[in-house]
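Okay, structure first, notes after.
Every number in this text was worked out from the coordinates using simple rules, so none of it is lab data. This one's a predicted model, so the numbers in the text were calculated from it and none came from an experiment. Positions of Cβ are backbone-derived with ideal geometry, glycine not excepted, and every protein chain shown enters the neighbour counts.
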Amino acid sequence: MLVSSPNSRIHLGPLPSHDIAHPIKIEVEDVSFWYGAKQALKHVSLDVFKNEVLAFIGPSGCGKSTLLRCLNRTNELIENARMEGRIRMDGADIYADDVDPPLLRARFGWIAQKPNPFPWSIYANIAYGAQIVGAVSNRREANELVEHALRAAGLWTEVKDRLGEAGTDLSGGQQQRLCIARAIATNPEVLLMDEPCSALDPVATAHVEELIDKLRDRFTIVIVTHNLQQAARVAQRTAFFHLGEVLEVGDTEQVFVRPQTMQCLNFVTGRYG
């Protein structure tokens with residue numbers, strides 16, 4: 001067993017370990033994935049627990065975002081892409097023949113690397129998705145939903161008097177929180193975040209990290225991040241990717257303070273990445 005001393009540069013969040021009271025939400029079993037002839041994932045297995053944050057860390061191009069897109073079946077929209085293995089959600093195979101992909105994707109919310117609000121009003125950014133899926137049927141319900149989603153995203157007090165203004169007029173950090181509000185407005189079960197703070201300044205990043213910690217009471221969250229300190233602060237569990245494989249997955253404290261492989265030790269101590 002590889003033993004390392006704690007990295008003094010890493011400050012763990014208040015809850016860096018899995019709570020055994022939380023059941024498994026998603027099971028990834030022996031998943032491999034190819035883009036044409038290029039293999040991006042190699043026999044990946046891991047569990048995602050309900051109402052916890054799982055962080056994917058590792059160098060660029062190691063398969064983190066690929067697995068994220070496997071979870072909501074958006075990778076299969078790419079020509080010549082192919083997956084082997086099995087992914088279960090609440091015990092059911094999400095790639096089974098009788099699963100409707102659009103309905104499956106509706107169970108996930110997606111927050112992209114760069115804020116991407118629609119070029120509409122703040123109000124319309126939130127209400128549109130809910131109207132499409134039939135979650136609201138009149139203006140009163142839409143008003144309540146917009147306020148609820150913006151409050152959940154920590155944005156209501158900042159924009160409540162500006163709902164008719166364009167979402168693209170907000171600051172970068174506010175735009176990302178607007179995108180989070182848009183994602184949760186359709187009431188998904190899982191939030192997938194692909195480097196959600198990479199384009200934000202430190203203050204905006206802190207707002208989003210605080211929000212992530214609050215949202216896990218309602219949602220299961222999987223986050224891809226190149227910010228090791230962020231993973232240590234927000235995640236209960238962490239998976240370390242290397243060349244398409246998951247070399248370590250477990251409690252965040254274990255992965256950062258007592259890594260079991262030399263590759264993970266070198267990565268979390270900043271020797272490469």
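Key figures
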read-out	value
P(r), alpha carbons of the range 183-247 - 5 Å bins starting at zero, rounded %	4, 15, 27, 26, 17, 9, 3, 0
Most to least packed among 28-39, 170-181 [average Cβ atoms within 10 Å]	170-181, 28-39
Straight-distance crosslink candidates among lysines, where the alpha carbon sits under 23 Å from residue 50 and sequence neighbours closer than 8 are dropped	25, 64, 214
Under 16 Å from the residue 261 label point (7 Å along Cα→beta-carbon), backbone N, the range 56-73	56-65, 67
Taking N as its residue count, the alpha carbon Rg of the chain over 2.2 N^0.38 Å	1.01
Formal net charge of residues neighbouring residue 191 (Cβ-Cβ distance under 10 Å; K, R +1; D, E -1)	+1
Fraction of beta bridges assigned by DSSP in the chain that are antiparallel (%, nearest 5)	60
For the range 151-273, share of DSSP beta bridges that run antiparallel, in % to the nearest 5	55
Net charge of neighbours whose Cβ lies under 13 Å from the Cβ of residue 102, counting Lys and Arg as +1 and Asp and Glu as -1	+1
Label-point separation, residue 133 to residue 21 (7 Å along Cα→Cβ), nm	2.7
Burial ranking of peptide ranges 107-117, 233-243 (average Cβ count within 10 Å, highest at the top)	233-243, 107-117
FRET efficiency for residue 35 and residue 226, using Cβ-Cβ distance with R0 set to 25 Å, rounded to 0.05	0.75
